[in-house]
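Participant: Starting off with a structure, shown below.
Since every read-out is calculated from the coordinates, none of them should be taken as a lab result. Please read these numbers as outputs of a predicted model, since none were measured by experiment. Because the Cβ atoms are built from the backbone with ideal geometry, glycine has one as well, and the counts that use them run over all protein chains shown.
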Amino acid sequence: MPYCPDCGVEIGNAPRCPLCGSPNPKAVPDAQNPCKDADITGKHPAANIIFEGGEGIFSKEEKRTVLWEVLSVAFAIAIVVLGAVNLFESRRLSWSLYPVVSILLLWVEATAFLVLKNMQVLRIVLGAIAPPAFLLALGFVSGSPRWAFGLAIPIAVLVESLTGALVLAIGKSKRKGLNLVAYVLVAVAVLCIGLEMFIDLFARGVVVFDWAPICAIALLPIAGFLLYLHYRVVKATNLRRLFHL
C-alpha cells in the first residue's frame, strides 16, 4: 500500500496526500485516474467553488444570499406542509397558524441579518419591528389580542430599547472593563421596574410596586461602585498596588 513520502500517511492510489497535499509518486496514471483533474486542494473541480482560491469561489455576500435562499425555500415548504396537514385534519387553519407565524418571524430576522447587511438602518428597523409584530400576530391567532397589546408588546419594546441602549453605551465607551458590568446591572434594574409596571397595569389597572424596587435597590449601588472603580480608582492607580496584591 503506497504511503506519503513526506508524512508517512497511507494514501493508496490517491493523487495527493489528504493530510499534507504532497503528490503520490505511485498514483495511477492520469489516463486511468478518475481524479486526474483534481486541483491543489485535493478536491474535484466541481467542488472547487467552496474553497478559497478556486476560480468559482463564493464571496461572503453570495454565501449569505445562497443561505437566505435555502432558508426561504425550506420555510416555504414547511409552511405549505403545515397548512396542508392542518386543512386535511381539521378542514380549517387552526394550530398550524402558530408555527407558521413563528417561521415568518425567523424568515424576517434572516432577511434582516443576511440580505440587508449593507443597509444598517433598514436592518435595525426590521429586526426591531419583527418581535412585536410576531407577538401581535400571536394575539390575533389566539383570538385574544388584549394580552399582546397590554403586556407582551410593551415588554418586548422595553427589552429592545434596553438592549439598544446597552449596545450604544458599550460602543461609546473608550475604555471597557467594569463599566460594562455596571451598564448591564442598570439595565436589569430598569427592566425589573418596567416589568412590574406593565404586569400591574395589565392585571390590576394600577401600578403598585412590590418586588421591583427591591431589585433596583440591590443592583444600583453595585453598579455605582463598579463605575467608581472603573472611572476613578482603576484610572488613577493600579489595583495591585492599591490592595497590595
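Participant: Quick one: count up the residues across the range 68-98 that are over 23 Å from Ala133 (Cβ atoms) and in contact with a Leu (Cβ under 7 Å, 6 or more places away or on another chain).
Facilitator: Final tally of qualifying residues: 1.
Participant: While we're on this one: Among the residues that make up the range 172-179, is at least one of them exposed (fewer than 13 other Cβ atoms within 10 Å of the Cβ), free of Cβ contacts under 8 Å to residues at least 24 places away in the same chain and under 20 Å from Gln120 (Cβ atoms)? Full working, then the answer.
Facilitator: Taking the range 172-179 first, the residues exposed (fewer than 13 other Cβ atoms within 10 Å of the Cβ) are 172, 174-176.
So of that shortlist, the ones also free of Cβ contacts under 8 Å to residues at least 24 places away in the same chain come out as 172, 174, 176.
Then keep just the ones that are under 20 Å from Gln120 (Cβ atoms); that gives 172.
Yes, because at least one residue in the range 172-179 is exposed (fewer than 13 other Cβ atoms within 10 Å of the Cβ), free of Cβ contacts under 8 Å to residues at least 24 places away in the same chain and under 20 Å from Gln120 (Cβ atoms).
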